[in-house]
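The values are calculated or read from the model by the stated rules, or taken from the named source; none is laboratory data. No experiment lies behind these values; they were computed from the predicted model shown. Here the Cβ is made from the backbone with ideal geometry for all residues, glycine too, and neighbour counts use every protein chain on show. Accessible surface areas use protein heavy atoms only, side chains included; no ligands, DNA or RNA. Shrake-Rupley method; radii C 1.70, N 1.55, O 1.52, S 1.80 Å.
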Amino acid sequence: MYLAVSRETATLLYMLGRSLGARSIVEFGTSFGISTLHLAAALKDNGGGRVIGTEFEPSKVTRARENVAAGGLSDFVEIRAGDALESLSRDLPETIDLVLLDGAKTLYARVLALLAPRLRSGAMIVADNANMCPEYVATVRAPNSGYLSVPIGDDVDLTMKI
Ligand SMILES: C[S@@+](CC[C@H](N)C(=O)[O-])C[C@H]1O[C@@H](n2cnc3c(N)ncnc32)[C@H](O)[C@@H]1O
């Protein structure tokens with residue numbers, strides 16, 4: 001099962017990556033790398049940068065790396081194997097321009113907390129299936145949270161770091 005983001009969400013990721021001039025992107029939940037390909041394509045077209053992907057299942061890590069290589073985008077992608085709560089607790093970029101949350105839905109708020117100190121002002125966070133993450137939505141919608149957040153379509157939440 002690929003469980004990839006929709007075609008529309010994939011296009012949104014590429015658009016945001018380009019419009020932000022992103023150089024530094026973090027992805028929670030890589031699976032086979034469909035979203036990663038769109039994020040890495042934006043970095044390539046921006047002139048450089050790195051997507052840090054995260055994936056729990058070793059077989060998916062292997063397939064994602066193969067898919068990224070087949071797309072000629074390996075230079076723009078680092079996939080960290082294992083639990084993202086561990087792999088994103090170290091060696092983060094100085095600043096982060098764009099985040100995709102698409103792993104275990106119960107962990108969105110905790111992953112955001114790990115990344116928050118590195119988010120630049122204006123950074124965007126795309127949360128897929130956010131309708132399944134009430135704790136996350138409550139966090140980014142809270143008054144004085146430091147974020148602006150709106151739902152997009154049925155299942156995506158789009159958030160900006162103020
Ligand atoms: C919906 S899929 C991701 C799809 C991918 N973003 C795409 O569009 O191609 C979610 C993935 O997150 C992974 N995942 C779930 N919890 C995780 C965790 N704590 N750390 C790392 N990966 C995790 C799962 O193994 C699964 O492959």
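Taking the condition under 25 Å from residue 156 (Cα atoms), of a type in the set (Gly, Ala, Ser) and open to solvent by 30 Å² or more (accessible area, probe 1.4 Å), does residue 47 pass? For residue 47, the condition - under 25 Å from residue 156 (Cα atoms), of a type in the set (Gly, Ala, Ser) and open to solvent by 30 Å² or more (accessible area, probe 1.4 Å) - is not met.
Within segment 87-113, residues that are open to solvent by 20 Å² or more (accessible area, probe 1.4 Å) have Cβ atoms under 9 Å from residues that are part of a loop (DSSP other than H, G, I, E, B) and of a type in the set (Gly, Ala, Ser) in these pairs: 102/4; 102/29; 102/31; 104/29, counting only partners at least 6 apart in sequence or on another chain.
Each row is one residue, and each column tells you yes or no for (1) over 16 Å from residue 27 (Cα atoms); (2) modelled with pLDDT of 95 or more.
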site	(1), (2)
106	no, yes
113	no, yes
122	yes, yes
131	yes, no
147	yes, yes
151	yes, yes
155	yes, no
159	no, yes
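Evaluation of residue 39 against the conditions (1) buried (at least 24 other Cβ atoms within 10 Å of the Cβ); (2) outside any helix (DSSP H, G or I) shows that the sole unmet condition is (2).
Results for (1) more than 17 Å from residue 36 (Cβ to Cβ); (2) assigned to a strand (DSSP E or B), shown as yes or no for each residue.
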residue: 79; (1), (2): no, yes
residue: 90; (1), (2): yes, no
residue: 93; (1), (2): no, no
residue: 106; (1), (2): yes, no
residue: 109; (1), (2): yes, no
residue: 113; (1), (2): yes, no
residue: 122; (1), (2): yes, yes
residue: 125; (1), (2): no, yes
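Beta carbons closer than 7 Å, at least 6 apart along the sequence or on distinct chains, pair a first residue in segment 38-63 that is in contact (Cβ under 8 Å) with a residue 60 or more places away in the chain with a second that is in a strand (DSSP E or B) for 39/25; 39/27; 39/51; 39/100. Report whether or not residue 119 is away from the ligand (no atom under 12 Å from the Cβ), crowded, with 18+ Cβ neighbours inside 10 Å and in contact (Cβ under 8 Å) with a residue 40 or more places away in the chain. Yes: the conditions hold for residue 119. Residue 128 meets each of the listed conditions (1) within 13 Å of the ligand (Cβ to nearest atom); (2) surrounded by fewer than 20 Cβ atoms within 10 Å (Cβ to Cβ); (3) acidic (Asp, Glu) apart from (2).
None of 84, 70 is of a type in the set (A, V, I, L, M), farther than 19 Å from residue 113 by Cα and either in contact with a Cys (Cβ under 8 Å, 6 or more places away or on another chain) or free of Cβ contacts under 8 Å to residues at least 60 places away in the same chain (or both) except 70. Residue count for segment 2-21 satisfying the condition of being outside any loop (DSSP other than H, G, I, E, B) and either open to solvent by less than 70 Å² (accessible area, probe 1.4 Å) or within 19 Å of residue 48 (Cα to Cα) (or both): 11.
Do we find a residue being farther than 17 Å from residue 30 by Cα and at pLDDT below 95 anywhere in segment 78-97? No, there is no match, as no residue in segment 78-97 is farther than 17 Å from residue 30 by Cα and at pLDDT below 95.
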